[in-house]
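Below: the structure, in structure tokens.
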Amino acid sequence: MDRRITLDEFIVERQSNLQDVSGEFSGLLRHMGIAAKIINRVVNKAGLMDILGLQGVINSTGDNVQKLDIYANEMMIEYLRNSGICAGVASEENDDFIDFFDKKLLRSSYVVVFDPLDGSSNIDVNISVGTIFGIYKRLSEEGTPLDRSDFCQKGIELVAAGYVLYGTSTMLVYTTGAAVNGFTYDRGVGEFCLSHPEMKIPQKGKYYSINQGYIHTFHKGIKNYLEHCARQNKALRYIGSMVADVHRTLCLGGIFLYPATTSNPEGKLRILYECNPLSMIIEKAGGKSVNESNQRILELEIQDLHQRCSIIIGSTQDVDEAISYFHSVTD
Ligand code: FDP
């Protein structure tokens, strides 16, 4: 009988490989799967539920917040709080981290960082959005209040990273540091089923992905690289949801760039909630992720929960080629 392995079965099966004797870490991953199902249900019903549209408030990083962002954020926080195995969270939608400190919860050694609904400017037009998450082991002692340093850890310290893409089908992709595995949501069964085992990014691809509308503000090296892509007849694809653009890049190869611009001189995307988790996934799938100065994203120091960076991520050969263009000019 052809039966697909479910996310829960997969996590339990791999528990011993993770030396997760207490099951705490596996339990946390399973809770991410549950939260994803709940958010997926609402994202799919959004048009029917009068839940679309701008909420009229600005989040801590200056973007318009939409109703669905708020819902997804609340869901993630509540599911992780009630899991009893998460010490606290930091979300792109909140100014500060949230400590789930509870004297009964002495065994919570993990914290979760997430962007509850990446690409939210696409919600109103029924285009793919996603949830991105990363899991760190806390640095402070268990049973004590959390500290900002528990969250501001370099990406190389991530113990797991993943995303859920609410697209033509809903997919959950994650890694705990070995392979990257993808699960597709089967609505009939109500489970994520393993559909993309051991995902590998092609070493080179034909797509490049960037908001070319900002070209006049890019560094000369980036402009030269974009001209090169056009000369090579590479195909431009830009959805405007990082999670969806990176997912395509993972599956088909190519490159995604969000460089520094005049309005975002440090780059727009957040290291903690977007760049680090997606960089871990791409690297573990055999790709590469650096900033405009060719520093590995996963090794960047993080001082601030909402710190941003430029990012060039994707197939190793494409990223190396792009970097060679940046370094061939000196302005
Ligand atoms: P959004 O503002 O819609 O949430 O970080 C957020 C993000 O989307 C990314 O998902 C996306 O890649 C990028 O911003 C799009 O920014 P531009 O509109 O400046 O291209």
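Just a few scattered comments:
- Put simply, the chain fits an ellipsoid with semi-axes of 31, 22, 21 Å; these come from the alpha carbon gyration tensor as the roots of five times its eigenvalues, largest first.
- For segment 187-331, Kirkwood radius (reciprocal of mean inverse C-alpha pair distance, Å): 15.5 Å
- Spacing of the two label points (7 Å from each Cα toward its C-beta) at residue 328 and residue 194, in nm: 4.4 nm
- Gain in span if fully extended, residue 262 to residue 74, counting 0.36 nm per residue against the direct Cα distance: 64.4 nm
- Scaled radius of gyration (Cα, divided by 2.2 N^0.38 Å) that segment 98-200 gives: 1.27
- Sorted on the mean count of surrounding Cβ atoms within 10 Å across their residues, most packed first, peptides 125-137, 207-219 read 125-137, 207-219.
- Extension gain from residue 217 to residue 95, taking 0.36 nm per residue of separation minus the Cα-Cα distance: 41.0 nm
- Between 0 and 90 degrees, the angle of helix 316-326 with respect to the longest Cα principal axis of the chain falls at about 50 degrees.
- Remark: for residue pairs 223/288; 137/234; 154/220; 45/268, the C-alpha separation exceeds 32 Å in 137/234.
- Placing a pseudo-label 7 Å from each Cα along the Cα-to-Cβ vector at residue 81 and residue 293 gives an inter-label distance of 3.9 nm.
- Added length on full extension, which subtracts the Cα-Cα distance from 0.36 nm per residue, residue 140 to residue 45: 30.2 nm
- Computed about its Cα centre, the charge dipole of the chain is approximately 900 debye, with only Lys, Arg, Asp and Glu carrying charge at their Cβ.
- Here the average projected area of the convex hull drawn through the C-alpha atoms of segment 253-331 stands at 5.2 nm².
- Using θ = phi - 60° in the Karplus curve 6.51 cos²θ - 1.76 cosθ + 1.60, the 3J(HN,Hα) couplings for segment 284-296 round to 5, 8, x, x, 9, 8, 9, 9, 5, 8, 6, 8, 5 Hz; x is entered for Gly and Pro.
- For segment 267-277, putting each phi into the Karplus relation 6.51 cos²θ - 1.76 cosθ + 1.60 with θ = phi - 60° gives couplings of x, 9, 7, 7, 5, 5, 8, 10, 5, 5, x Hz, in residue order, rounded to whole numbers and with x for Gly and Pro.
Computed from the coordinates by the stated procedures, all read-outs in this text should not be read as laboratory data. This one's a predicted model, so the numbers in the text were calculated from it and none came from an experiment. Don't worry about glycine lacking a Cβ; one is built from the backbone with ideal geometry, like all the others, and counts go over all protein chains shown.
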